[in-house]
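Report on one structure; see the data block that follows.
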Amino acid sequence: MKIKLLTSRTDASIGLRLAGVETVLVRTADQAVQAIEELRSQQDTGLLLITAEMENWCSEQLAAIRKNGRPLVTSVPDSKNGFNQSDTISDYIKNAIGIQID
């Protein structure tokens, strides 16, 4: 299973790509909705990370994914929305799924 990030922030995309996370960079709400529909159809996505802006843009689609239970969706902060320097992405993943990623 793959971990993928959906974001509108270039800094989040670059940082997570360096960690091996596949990223989908979108610029508009319409692009975000289309990207989520594509991600839903992919069977290899196990964890979908989204930034706060994606929660606002795609709340209906994300609610449907969460109801279905697959892929697991968790929100991660970015430099614009509440990123705390002492937190790490692996901490957010651990809190979301209960598994430590090193």
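A short reminder: the numbers here are calculations on the coordinates, not readings from a lab. Keep in mind the model is a prediction, meaning the values are calculated, not measured. Here the Cβ is made from the backbone with ideal geometry for all residues, glycine too, and neighbour counts use every protein chain on show.
Check Thr45: other-chain or 5+ apart residues with amide H under 5 Å from its amide H, H built from backbone geometry?
Counting only residues 5 or more places away or on other chains, the set is Lys2.
What are the ³J(HN,Hα) values, in whole Hz, obtained from phi via the Karplus relation 6.51 cos²θ - 1.76 cosθ + 1.60 with θ = phi - 60°, for each residue of the stretch 43-57 in sequence order, with x given for Gly and Pro?
6, 8, 8, x, 9, 10, 8, 10, 8, 4, 4, 5, 4, 6, 6
Amide H of Val24 versus every other amide H placed in the peptide plane: which residues, excluding those fewer than 5 positions away on the same chain, fall under 5 Å?
Leu5, Leu6, Thr7
Excluding Ser59 itself, calculate the net charge of residues whose Cβ lies under 12 Å from the Cβ of Ser59, where each Lys or Arg counts +1 and each Asp or Glu counts -1. Please list the in-between numbers first.
Details: positive: Arg66; negative: Glu53, Glu55, Glu60.
Net local charge, Ser59 excluded: -2.
Exposure proxy check: Met1, Met54 ranked by fewest other beta carbons within 10 Å?
Values: Met1 11, Met54 28.
Listed from fewest to most nearby Cβ atoms, that is Met1, Met54.
Could you run the Karplus curve 6.51 cos²θ - 1.76 cosθ + 1.60 with θ = phi - 60° over the stretch 23-33 and give me ³J(HN,Hα) per residue in whole Hz, x for Gly and Pro?
Those phi angles translate into 10, 10, 9, 10, 10, 10, 5, 5, 5, 5, 4 Hz.
Please compute the modelled spin-label separation between Gln42 and Glu22, points set 7 Å along Cα→Cβ, answer in nm with one decimal.
0.3
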